[in-house]
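Written out below as structure tokens is the structure these notes cover.
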Amino acid sequence: MKKLILLTVLFTSFLSQAQKTENIIIITTDGLRWQEVFKGVDPEIADNKKFNQDERSYIYKNYGNSDAQKSREKIMPFLWSEIASKGQIYGNRDLGNKMDVSNPYMISYPGYSEMMTGNVDRDIDSNKHKENPNINVLEFLNHQHNLMGKVNAFGAWDAFDRILNEKRSGFPVISAFDSIGGNRPTEIQKLLNEMRNNSFKPFHEDECLDVFTHYEAVDELKTNKPIVLYIAYGETDEWAHAGKYRYYLDAANQVDKWIKEIWDFVQNDPQYKNKTTLIITVDHGRGDKKKKEWTGHGSGIEDSSQIWFAAMGPEIAPKGEIKTVSQLYQKQVAQTIAKIMGFTFTTSHPVADEIPEVFQK
């Protein structure tokens, strides 16, 4: 009996040492190319009057540098300082470190579905697809002991209700112009609802500006302290589609600032400090070889499958920019999220294996 008790204590101690992440925050920024993330400003786009909005000097002043590494640091300073020093960043194809979507459509709904379900469902071939029949990893986590009711998702795009199947999943998905706070919103929530509803709507009712999604999510983070939080920003994709390179870079830079704001809060809060993992990735790539195609993506546009991934937290060894030759896939993200939280994501449909490199010391 004494041996059994000792083994139980040792096993429990091992688990407590091995599993240090108690919370996870997943952030996506729609369609942000790996090219800008790893190489900084693209001169062929920045110098093109069709795309630079007559703001060439602004682009180079704020984000440009003849040294690509310095340029990328100006676009995303937090990624290339804090995360590069304490986490891992994948997807620099110039170094042979590749990450791609597996779905053949290379558009948002199929991409987010692949990312969150670990499965490529070829029937999901449109952004207009109905509620996702596949179980997502957030839904899976929401059904685990001590996690139920502690999972939240915020997305600028209204399709997230369908992508994450809010009707079935059992956790709240606040997307686009959804109100926050339910029947008893706080004064801050009332103000956020009013500001969002009365805001400029460049993307019509389909998508709100990222600033509202961000502050709604941060309010949830600070007040209700979710264990699993997903935030999906959208403007990097919208401004790219519009061919506005300055706004695209501004949006990427703003997302980086918001990630820093979130991490600064996390590292100063007792529930989250040193117990939270941060994941950042994207739903698809964009055109590159034909520079006029940088605004688009999809099966007919080369390079649209190319994505990137970053992670930082207690389970993540500080490897920085990954320079080894390898091939990763978007469908591996779901199981990676589950494994970071100490679970194995299993459901009725296939789930791809995790990204093993993330856990290798």
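Okay, here's what the table says:
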| item | result |
| --- | --- |
| Condition broken by residue 88, with the remaining ones in (1) open to solvent by 10 Å² or more (accessible area, probe 1.4 Å); (2) under 24 Å from residue 228 (Cα atoms); (3) polar (S, T, N, Q) satisfied | (1) |
| Selected residue (only one of 59, 25, 89 is within 19 Å of residue 251 (Cα to Cα) and either touching a strand residue (DSSP E or B) at 6+ places or on another chain (Cβ under 6 Å) or assigned to a helix (DSSP H, G or I) (or both)) | 59 |
| Of residues in the range 156-184 being over 18 Å from the mean Cα position of the chain (by Cα) and of a type in the set (D, E, K, R), the one most open to solvent (accessible area, probe 1.4 Å) | 184 |
| Count of residues meeting criterion [within 15 Å of the chain's Cα centre (by Cα) and open to solvent by 10 Å² or more (accessible area, probe 1.4 Å)] in the range 108-121 | 0 |
| Residue check for residue 93: buried (at least 21 other Cβ atoms within 10 Å of the Cβ) and charged (D, E, K, R) | no |
| Every pair of residues 6+ apart whose Cβ atoms lie under 8 Å, when the first sits in the range 301-329 and is under 24 Å from residue 275 (Cα atoms) while the second is among the acidic types (Asp, Glu) and open to solvent by 20 Å² or more (accessible area, probe 1.4 Å) | 312/82; 322/357 |
| Counted residues, the range 261-305 - those being under 17 Å from residue 240 (Cβ atoms) and either over 15 Å from the mean Cα position of the chain (by Cα) or of a type in the set (Phe, Trp, Tyr) (or both) | 19 |
| Test: residue in the range 274-287 that is farther than 18 Å from residue 111 by Cβ and open to solvent by 30 Å² or more (accessible area, probe 1.4 Å) | yes |
| Selection from the range 218-242 of residues that are open to solvent by 10 Å² or more (accessible area, probe 1.4 Å) and closer than 24 Å to residue 113 by Cβ | 220, 227, 235, 237, 238, 239, 241 |
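The values are calculated or read from the model by the stated rules, or taken from the named source; none is laboratory data. All figures in this text were calculated on a predicted structure; none of them were measured in a lab. In this analysis, Cβ positions are derived from the backbone assuming ideal geometry, glycine residues included, and neighbour counts consider all displayed protein chains. In case anyone asks, the SASA skips ligands and DNA or RNA and just uses the protein heavy atoms, side chains included. Shrake-Rupley method; radii C 1.70, N 1.55, O 1.52, S 1.80 Å.
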